[in-house]
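Let me begin by presenting the structure, written as structure tokens, before commenting on it.
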Amino acid sequence: MITDLHSHCERSFDCEIPFAVMCDSAVERGVKVFALTDHCDLTPVSDEAAVMDNIRLSLSDAQMQGGRLDGTLKVVKGIELGQPLHNLPIAEKIVCMEGVDFILCSIHEIIDKQDFYYLNYNNEDVDDLLTKYFEEVLETVRWNKFDSLAHLTYPIRYICGEYGIAVDLSKYSAVIDEILSLLAKNGKALEINSSGLGMKIKETLPPRAIIARFRQLGGEYITIGSDAHLPQNVGYRIDEVFALVRECGFDSVTYFENHKPVKVRI
Ligand SMILES: [Zn+2]
Ligand SMILES: [Zn+2]
């Protein structure tokens, strides 16, 4: 059973596709459980009313498609909550919202910097950025108010993939272990994001070694997501990721209903 727990629609700033079109693609591609996780990236100056309005529109899109497809596709009503610690008062309200199944938590930027997507790594201290990135991920995992941690190692997609700068992740193994152990202890999921397989980095986020390490450290829940912003990317190479997750010692993947994990055997 293919589960894709990470996708976007026109309610995200970087996507123009109506959710109905994404769902049609999910059905065509054999996806059985599909989450809409539109961006909700918080900054210290986020406009609370605008943030909440956009989430309500997105949740209503998900609700409507779940009804239209009438059991053909299970639609999970999710949010990709970016940088919750950058605006805790709003984040605390979002995580208490009614009608949300799934909070997928991301770090796309560290404080006083743009999204890692936009940085020019020829002018940056890469080690300092990564140290701050992993520290913020750890702080967010300590906050603990989410269901799954999205695309751990996100900056690597750009630093190694787009800029070709070599990074030895073993340098950060202590903090990565702390992140993975705490996720496992708290019963939270680790997302395996398949989008990187089609990019220059050519690997999942996080990569195999980190997935296997999560298992060793007691991790139980995995969510898999394509991070599709286009219909053709829904369910992108998810069968390969299922195989990878199995090789790393997991016998199930997870989706969420009202924040409760539901395991699907693989
Ligand atoms: Zn993201
Ligand atoms: Zn995303």
(request) List the equivalent ellipsoid semi-axes of the stretch 39-146 in whole Å, largest first, each obtained as the square root of 5λ for an eigenvalue λ of the Cα gyration tensor. (result) 30, 15, 13
(request) Starting from the exponent 0.38 and prefactor 2.2 Å, build the expected Rg for the stretch 2-265 from its residue count and divide its actual Cα Rg by it. (result) 0.93
(request) Averaging sequence separations of C-alpha pairs under 8 Å and six or more residues apart, then dividing by the length of the stretch 148-266, give the relative contact order as a whole percent. (result) 24
(message) Using the Kirkwood formula on the Cα atoms of the stretch 1-65, what hydrodynamic radius do you get, in angstrom to one decimal?
(response) 12.5
(request) Using label points projected 7 Å from each Cα along Cα→Cβ, tell me how many nm separate Glu135 and Asp14, to one decimal. (result) 2.5
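Where Lys and Arg each count +1 and Asp and Glu each count -1, what net charge lies around Leu57 among other residues with Cβ under 14 Å from its Cβ? Let's see the in-between values first.
Details: positive: Arg11, Arg56, Lys77; negative: Glu10, Asp38, Asp53, Asp61.
Residues close to Leu57 contribute a combined charge of -1.
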(message) Please list the three semi-axes, largest first and in whole Å, of the ellipsoid equivalent to the stretch 147-188, using sqrt of 5 times the eigenvalues of its alpha carbon gyration tensor.
(response) 24, 13, 4
(request) For the stretch 167-266, state what percent of all Cα-Cα pairs lands in each successive 5 Å bin, counting from 0 Å until the bin that includes the largest distance. (result) 3, 13, 22, 24, 20, 12, 5, 1
(request) Quick one: order Tyr158, Tyr255, Tyr221 by neighbouring beta-carbon count within 10 Å, fewest to most. (result) Tyr158, Tyr221, Tyr255
(request) Between beta-carbons, use under 15 Å as the cut-off and find the net charge around Glu48, counting Lys and Arg +1, Asp and Glu -1. (result) -2
(message) Kirkwood hydrodynamic radius, the stretch 212-256, all distinct C-alpha pairs: what's the number in Å?
(response) 11.4
(request) Mind grabbing the base-10 log of I(q)/I(0) for the stretch 60-105 at q = 0.23 Å⁻¹? Debye formula, identical points on the C-alpha positions, no solvent, two decimal places. (result) -0.80
(request) Count charges around Ile201 for me, please; just the other residues with Cβ under 10 Å from its Cβ, Lys/Arg as +1, Asp/Glu as -1. (result) +1
(request) Report the relative contact order of the chain, percent, no decimals, based on alpha-carbon pairs under 8 angstrom and at least 6 residues apart. (result) 21
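Show me the helices of the chain, taken as full DSSP H stretches, that run 15 Å or more along their long axis by Cα and average 0.0 or above in Kyte-Doolittle hydropathy.
173-185
Rule-based calculations on the coordinates, nothing more; no lab input. This structure is a prediction, so every number in the text was calculated from the model and none was measured. Neighbour counts are summed over all protein chains in view; Cβ atoms, including those assigned to glycine, are modelled from backbone coordinates with ideal geometry.
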